[in-house]
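Student: Just dropping this structure here.
The values are calculated or read from the model by the stated rules, or taken from the named source; none is laboratory data. All values reported here derive from a predicted model rather than from experimental measurement. Note: ideal-geometry Cβ built from the backbone for every residue, glycine included; neighbour counts use all protein chains shown.
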Amino acid sequence: MGEEVERRDNNMGKFTLVRVVVGLLQANCYLYADRETKEAVIIDPGSDGEKIVRSIEKRKLNPVAILNTHYHFDHTCANKDIKERFNIPLMIGKEDAGRLQSIYNDAMQMMMQCNPSPLADNLLREGDIIKVGRLSLKVIETPGHTEGSVCFYDEYNHILFSGDTLFLESIGRTDLPTGNTEELAHSLKKLFTLPLHTTVYAGHGDETTLLHELKHNPFVKDALS
Ligand SMILES: [Zn+2]
């Protein structure tokens, strides 16, 4: 897996998408930017703040917000570094906001020697729209991996940031605090109402499409049956 992969929209020249792989658990931090205005969101700065900052500066991006797909430490450990650096709001699903500083996260953060996350500035709800220059991301609530897990969907460019809800040929675990297998199945059903050519950028591992997952992901087959 590449350390840093960049995808540019080949049709309209609208967006730049960069994946930065961070931390021991190799989580994906994404920079999603309007290619023209350079406004960008930072999705899941899970660790390695300096590496993320370098990636932002190299492209002269202008960060407007930090988005967390859920509260787990491997997606939030660099929240503090990034927030202090750019002075931008931190946004997370409303049910996970209070868990950024939970006992589970505290313990893991201590083990990983990372900074506790600051509190969230915005609590995200189903249907909220986050503007990133000319781009927009819609919030889809997808509880299951954690109670407050959310996905971010660009319905114009058919791009889904799925956090730890859906992976390439796998799905998120439900055995951690607030995980729920039935809710995850329900959330997957919701995601598969989106166009099947949607490209999925997950919280770990390589990109995929909903169509690929429909055909090759046994957990999805189970959930949708
Ligand atoms: Zn997680």
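Student: It is to be established whether one or more residues within region 203-224 are β-branched (Val, Ile, Thr) and in a loop (DSSP other than H, G, I, E, B).
Tutor: Within region 203-224, the first condition is being β-branched (Val, Ile, Thr), and the residues that meet it are 208-209, 220.
From what's left, in a loop (DSSP other than H, G, I, E, B): none.
No, that holds for no residue.
Student: Just to be sure I understand the filter: pairs with C-beta atoms under 6 Å, separated by 6 or more residues or on different chains, first member in region 134-147 and within 15 Å of ILE66 (Cα to Cα), second member within 16 Å of the ligand (Cβ to nearest atom). Which pairs pass?
Tutor: What qualifies is LEU137/PHE152; VAL139/VAL150.
Student: Do we find that PRO116 is away from the ligand (no atom under 14 Å from the Cβ), part of a loop (DSSP other than H, G, I, E, B) and closer than 14 Å to HIS72 by Cα in this structure?
Tutor: yes
Student: Here's another thing I want to ask about it. If you check every pair at least six apart or on different chains, which have Cβ atoms under 6 Å apart with a residue in region 163-176 that is in a strand (DSSP E or B) first and a residue that is within 10 Å of the ligand (Cβ to nearest atom) second?
Tutor: So the pair list comes out as GLY163/THR69; GLY163/HIS70; GLY163/SER149; GLY163/GLY203.
Student: Another question, then. Only residues in region 56-80 that are among the basic types (Lys, Arg) count as the first member; pair them with residues that are away from the ligand (no atom under 16 Å from the Cβ) and in a strand (DSSP E or B), Cβ under 8 angstrom, at least 6 apart or cross-chain, and list the lot.
Tutor: ARG59/THR16; ARG59/VAL18; ARG59/LEU31; ARG59/ALA33
Student: Is there a residue being on the phi > 0 side of the Ramachandran plot, away from the ligand (no atom under 16 Å from the Cβ) and without any contact (Cβ under 8 Å) to a residue 12 or more places away in the chain anywhere in region 149-160?
Tutor: No; the residues of region 149-160 include none that is on the phi > 0 side of the Ramachandran plot, away from the ligand (no atom under 16 Å from the Cβ) and without any contact (Cβ under 8 Å) to a residue 12 or more places away in the chain.
Student: In addition: Looking at region 168-225 only, could you name the residues that are among the small types (Gly, Ala, Ser) and touching a helix residue (DSSP H, G or I) at 6+ places or on another chain (Cβ under 8 Å)?
Tutor: If the condition is that a residue be among the small types (Gly, Ala, Ser) and touching a helix residue (DSSP H, G or I) at 6+ places or on another chain (Cβ under 8 Å), then SER170, GLY172, ALA185, GLY203, ALA223 are the ones that fit.
Student: Which one is nearest to the ligand (Cβ to nearest atom), of the residues in region 186-199 that are under 17 Å from GLY148 (Cβ atoms) and crowded, with 18+ Cβ neighbours inside 10 Å?
Tutor: SER187
Student: Another question, if that's okay. State all residues of region 26-48 that are under 16 Å from the mean Cα position of the chain (by Cα) and either in a helix (DSSP H, G or I) or of a type in the set (Val, Ile, Thr) (or both); if no residue qualifies, say none.
Tutor: Answer for region 26-48, where residues must be under 16 Å from the mean Cα position of the chain (by Cα) and either in a helix (DSSP H, G or I) or of a type in the set (Val, Ile, Thr) (or both): VAL41, ILE42, ILE43.
Student: Sticking with this structure for a sec: Would you please name the residue that is modelled with the highest pLDDT, looking only at residues in region 100-123 that are small (Gly, Ala, Ser) and within 17 Å of THR69 (Cβ to Cβ)?
Tutor: Among those residues, the one meeting the criterion is ALA120.
Student: Let me ask you something else. Look through GLU141, GLU183 and report the one residue that is surrounded by 16 or more Cβ atoms within 10 Å (Cβ to Cβ) and farther than 23 Å from ARG19 by Cα. If you could, list the steps in order and put the result at the bottom.
Tutor: Details: GLU141 fails: farther than 23 Å from ARG19 by Cα.
Step by step, each of GLU141, GLU183 is checked, and only GLU183 is surrounded by 16 or more Cβ atoms within 10 Å (Cβ to Cβ) and farther than 23 Å from ARG19 by Cα.
Student: Kindly provide the set of residues from region 49-86 that are assigned to a helix (DSSP H, G or I), charged (D, E, K, R) and away from the ligand (no atom under 16 Å from the Cβ), ordered by number.
Tutor: Scanning region 49-86 gives GLU50, LYS51, ARG54, GLU57, LYS58, LYS80, ASP81, LYS83, GLU84, ARG85.
Student: Follow-up question, since we're still on this one. Given ALA78, ALA40, which one is of a type outside the set (S, T, N, Q), within 19 Å of THR146 (Cβ to Cβ) and surrounded by 18 or more Cβ atoms within 10 Å (Cβ to Cβ)?
Tutor: Every option except ALA78 fails the conditions.
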